[in-house]
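J.: Quick one: the structure is below, and I'll ask about it shortly.
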Amino acid sequence: MRLVPRFRRGPAGVPVSEGRTDTLVQEEVPGPPPVVEEEIAEPPPPPRGRPPLLWPWLLLLLLLVAAGLIALWLFTRGNDHKGAGSVTVPNVIGQKQGPAVDRLDRAGLTSRVVAKPSSEPAGTIFAEEPGPGTHVTRGSVVTLTASSTTQVTVPDVVGDKAPAAIRALRAEGLSAQTISVASSKAAGVVISQSPASGASVATGSTVAIRVSRGATRVPNVVGQTRSAAVSVLRAASLVPAPFVVPSSQPKNTVVSQRPHAGTSVPPQTKVRINISSGSTSGGGVPPPPPPASKSVPDVTGQQQEAAQRQLNGIGFKSRVVYVPSDQPQGAVVSQSPGGGSTVKVGTRITLNASLGPNPGAGQVVPKVIGLDPQTATARLVSAGFRVQRLTQKTSVRTLNGKVVDVQPAAGVRAPAGSPVTIYVGRFSG
């Protein structure tokens, strides 16, 4: 606050008007004019401004930076992760099976590998489902299709000579298994094959070819002595079967034969020769009736237990032998005698059954012959096999109701879980 001097002086000669009030200042004697001090209030100083608040802005900036870092971490923490429970299926097509499975495991997925034939190298993944780039739940199953071994078409070698057939099979990357069988065809000629021509199999598979042992003509031995006839037939790779019959011909002379002379038969065919007893009085023992013969059915391609049932149903016995093959486990890849051969009822037919594409160590078939079916079944099941039960005629009374045969045979190693057939005796007197 400051004091400001003011001078007020009434104007001289100004008339006083009505309604107006004037302040009269008495003039004093000459001297300095009077000073009137008037108090004038100065305007207040402007208020001092408060400093701006910085911490909200800093906090906002910090939150933005943190949010950006979290977003960046979520985006870059893995190419296969879309979120906490979602996974992107990686592309493993073209990779080998092992690395492909490892890749899926690292991505949090479960692999299921299926082998199928393809033109890709063996063990290469050529398909996956769900496809690459698909978003799935973590732990989902991804099916990988791996290429199995290269497939080739089995050539037709039936009718070829065995050496030519083997060369043709090897040219296609296949192996040959030669089985010699009795046949009326020329010796050394392939009469059948398994798998059949045109089948698609893996490279390195085995093709069984049945090769004819050749036919031989039955020599004429009528009129010869017994010993001479037997020698001639054996020299012709035939099996003599002599029987003594009543006859007026000299004793020990061959009076007839069957098959007749000149007939073409497979080697080792039995030839019946009737030998004279030297008397027509009936003192001789009549020959027993010859055993019945039947045509062997072709059971290749069947499962071995089904093949055994079919053979047993028409009077043949079976022998099961497991062999390496890419055919399904238990499939009959070859047989001997071959389908179409005529042999005696009761002949044992060898069935070569496949071990399968991925054979294991297998189990040994235990001894069960002579046991009752229940005990035999329990023993085989405890050894890890399935059991098929068939019946078989037996002339031994004590074996009636007992196991008289088992196939595969006891002591043979067979795939675990494969069927074993027990033959239960039925006494026929």
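J.: If you check every pair at least six apart or on different chains, which have Cβ atoms under 7 Å apart with a residue in region 125-137 that is of a type in the set (Gly, Ala, Ser) first and a residue that is assigned to a strand (DSSP E or B) second?
T.: 127/145; 133/88
J.: Which residues, counting only those in region 129-139, are in a strand (DSSP E or B) and either at pLDDT below 85 or in contact with a Pro (Cβ under 9 Å, 6 or more places away or on another chain) (or both)?
T.: As a first pass, look at region 129-139 and keep what is in a strand (DSSP E or B): 129, 135-137.
Within region 129-139, just 136 meets the criteria.
J.: Residue 167 versus (1) exposed (fewer than 14 other Cβ atoms within 10 Å of the Cβ); (2) at negative phi; (3) in contact with a Leu (Cβ under 8 Å, 6 or more places away or on another chain): which is the lone unmet condition?
T.: Just one mismatch for residue 167, condition (3).
J.: Within region 183-210, how many residues turn out to be farther than 19 Å from residue 332 by Cβ, in a loop (DSSP other than H, G, I, E, B) and of a type in the set (A, V, I, L, M, F, W, C)?
T.: Number of matching residues: 2.
J.: In region 389-429, which residue that is at positive phi and under 35 Å from the mean Cα position of the chain (by Cα) is most open to solvent (accessible area, probe 1.4 Å)?
T.: In the first step, residues of region 389-429 are kept if they are at positive phi; the result is 401, 411, 417, 429.
Filter once more, keeping what is under 35 Å from the mean Cα position of the chain (by Cα): 411, 417.
Details: 411: 56, 417: 35 Å².
Looking at the filtered set, the residue picked out is 411.
J.: Okay, moving on. In the list 152, 157, 142, which residue meets the criterion of being modelled with pLDDT of 90 or more and under 21 Å from the mean Cα position of the chain (by Cα)? Give the steps one after another, and end with the answer.
T.: Details: 152 fails: modelled with pLDDT of 90 or more; 157 fails: under 21 Å from the mean Cα position of the chain (by Cα).
Of the residues listed, the single one that is modelled with pLDDT of 90 or more and under 21 Å from the mean Cα position of the chain (by Cα) is 142.
J.: Follow-up. If the Cβ limit is 8 Å and pairs must be 6+ apart or interchain, which residue in region 292-318 that is in contact (Cβ under 8 Å) with a residue 12 or more places away in the chain pairs with which residue that is of a type in the set (Asp, Glu)?
T.: What qualifies is 317/405.
J.: In region 273-287, what residues are modelled with pLDDT under 90 and in contact with a strand residue (DSSP E or B) (Cβ under 8 Å, 6 or more places away or on another chain)? Don't jump to the end; show me each part of the working.
T.: Going residue by residue through region 273-287, those that are modelled with pLDDT under 90 are 277-287.
Listed by number, the residues that qualify are 277, 284, 285, 286, 287.
J.: Restricting attention to region 291-305, report how many residues are open to solvent by less than 30 Å² (accessible area, probe 1.4 Å) and in a helix (DSSP H, G or I). Even if it seems obvious, please write down each step before you answer.
T.: Taking region 291-305 and keeping what is open to solvent by less than 30 Å² (accessible area, probe 1.4 Å), we get 296-297, 299, 304.
Narrowing the set further to residues that are in a helix (DSSP H, G or I) leaves 304.
So the answer is 1.
J.: Among the residues of region 116-128, write down those that are assigned to a loop (DSSP other than H, G, I, E, B) and not aliphatic (A, V, I, L, M). Give the derivation first.
T.: Narrowing region 116-128 to residues assigned to a loop (DSSP other than H, G, I, E, B): 117-123.
Matches in region 116-128: 117, 118, 119, 120, 121, 123.
J.: Out of the residues in region 211-221 that are of a type in the set (A, V, I, L, M) and in a loop (DSSP other than H, G, I, E, B), which is farthest from residue 163 (Cα to Cα)? Spell out how you get there, then give the answer.
T.: Taking region 211-221 and keeping what is of a type in the set (A, V, I, L, M), we get 211, 215, 218, 221.
The next check asks that each one be in a loop (DSSP other than H, G, I, E, B); those that pass are 215, 218, 221.
Numbers: 215: 19, 218: 28, 221: 36 Å.
Out of the qualifying residues, it is 221.
J.: Something else: Could you grab me the full set of residues in region 222-236 that are outside any helix (DSSP H, G or I) and over 29 Å from residue 338 (Cβ atoms)?
T.: Start the filter on region 222-236 by keeping residues that are outside any helix (DSSP H, G or I), which leaves 222-225, 236.
If the condition is that a residue be outside any helix (DSSP H, G or I) and over 29 Å from residue 338 (Cβ atoms), then 222, 223, 224, 225 are the ones that fit.
J.: Test each condition in (1) open to solvent by 70 Å² or more (accessible area, probe 1.4 Å); (2) modelled with pLDDT under 90; (3) more than 29 Å from the chain's Cα centre (by Cα) for residue 317 and report the one that comes out false.
T.: (2) is the only condition that residue 317 fails.
J.: Taking region 117-145, which residues are open to solvent by 50 Å² or more (accessible area, probe 1.4 Å) and not acidic (Asp, Glu)? Working first, answer last.
T.: Kept after step one, since they are open to solvent by 50 Å² or more (accessible area, probe 1.4 Å), are these residues of region 117-145: 117, 119-122, 126, 129, 132, 134-135, 137-138, 141.
117, 119, 121, 122, 126, 132, 134, 135, 137, 138, 141 - these are the residues of region 117-145 that are open to solvent by 50 Å² or more (accessible area, probe 1.4 Å) and not acidic (Asp, Glu).
J.: Could you grab me the full set of residues in region 237-257 that are under 21 Å from residue 183 (Cα atoms) and outside any strand (DSSP E or B)?
T.: Scanning region 237-257 gives 237, 238.
J.: Looking only at region 81-127, count how many residues are closer than 28 Å to residue 70 by Cβ and at pLDDT below 80.
T.: Result for region 81-127: 5.
J.: If you take the residues of region 374-388 that are of a type outside the set (Val, Ile, Thr) and in contact (Cβ under 8 Å) with a residue 12 or more places away in the chain, which of them is most open to solvent (accessible area, probe 1.4 Å)?
T.: Within region 374-388, the first condition is being of a type outside the set (Val, Ile, Thr), and the residues that meet it are 374, 376, 378-380, 382-386, 388.
Those left that are additionally in contact (Cβ under 8 Å) with a residue 12 or more places away in the chain: 376, 379-380, 383-386, 388.
Working: 376: 0, 379: 104, 380: 0, 383: 28, 384: 33, 385: 9, 386: 126, 388: 24 Å².
Once the filter is applied, the top-ranked residue is 386.
The values are calculated or read from the model by the stated rules, or taken from the named source; none is laboratory data. Fair warning: this is a prediction, and the values are worked out from it, not measured in the lab. Heads up, the Cβs are rebuilt from the backbone with ideal geometry, glycines too, and the neighbour counts pull from every protein chain shown. All accessible areas refer to the heavy atoms of the entire protein, side chains included, with ligands and DNA or RNA removed. Shrake-Rupley method; radii C 1.70, N 1.55, O 1.52, S 1.80 Å.
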